[in-house]
1. For the charge dipole of the chain, defined by +1 on Lys and Arg C-beta atoms and -1 on Asp and Glu C-beta atoms about the Cα centroid, which residue among Trp34, Ser59, Gly13 has the Cα displaced farthest towards the positive pole?
2. Please give the per residue accessible area of the chain, computed with a probe of 1.4 Å over protein heavy atoms only, in Å².
3. Please list, in order along the stretch 65-82, the HN-Hα scalar couplings obtained from phi with the Karplus expression 6.51 cos²θ - 1.76 cosθ + 1.60 (θ = phi - 60°), rounded to whole Hz, x for Gly and Pro.
4. When the accessible area of the chain is computed with all protein chains present and a 1.4 Å probe, what percentage of it is carbon and sulfur?
5. About the Cα centre of the chain, how large is the charge dipole given +1 on each Lys and Arg Cβ and -1 on each Asp and Glu Cβ? Please answer in debye to the nearest 20.
6. Got a sec to turn the phi values of the stretch 39-46 into Karplus ³J(HN,Hα) couplings, 6.51 cos²θ - 1.76 cosθ + 1.60 with θ = phi - 60°, whole Hz, x for Gly and Pro?
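The values are calculated or read from the model by the stated rules, or taken from the named source; none is laboratory data. Being a predicted model, the structure only gives us computed values, none of them experimental. Don't worry about glycine lacking a Cβ; one is built from the backbone with ideal geometry, like all the others, and counts go over all protein chains shown. Note: areas computed on protein heavy atoms with side chains; ligands, DNA, RNA excluded. Shrake-Rupley method; radii C 1.70, N 1.55, O 1.52, S 1.80 Å.
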Amino acid sequence: MVTRPDEAARNRGAFVTVARSLAQFLRDHDEKRWSGSIATLAERAEAAGDGDDIRQVASQTLRLFGGMGSLNDVMLPVDGSYPREVNARLDALTSELYTAAHALIPSR
């Protein structure tokens, strides 16, 4: 099944929205390395054309989740501890980003 143009536009919009939200959340918690990387992916997704450009953004995003030192390993400290609510929000946003990146890759 191929993604319809309106569905592709919605998927791209959802990706950009969640990527920007995650980048801002990370920035708000002084995680500059990851916030910059994710903000760049949001910008690239917004500027990308259909086809290979957007698939590259999706692929680069999905690579952030693999291996040691990946986005999955990030924990946000606040005043020397790791608050459950802050890191639960981080987990939710990273899960949304992962799902949104997969949605950018049309099924065949």
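1. Ser59
2. Details: 6440 Å² over 108 residues.
With the other protein chains kept in place, the chain gives 60 Å² per residue.
3. Ordered by residue, 3J(HN,Hα) equals 9, x, x, 5, x, 7, 4, 4, 8, 5, 10, 9, x, 9, 6, x, 10, 10 Hz.
4. Details: 3340 of 6440 Å².
Looking at the chain in its full context, I get 52 percent from C and S.
5. Values: 13 positive and 15 negative charges, 42 e Å.
Value, rounded to 20: 200 debye.
6. 4, 5, 5, 4, 5, 5, 5, 5
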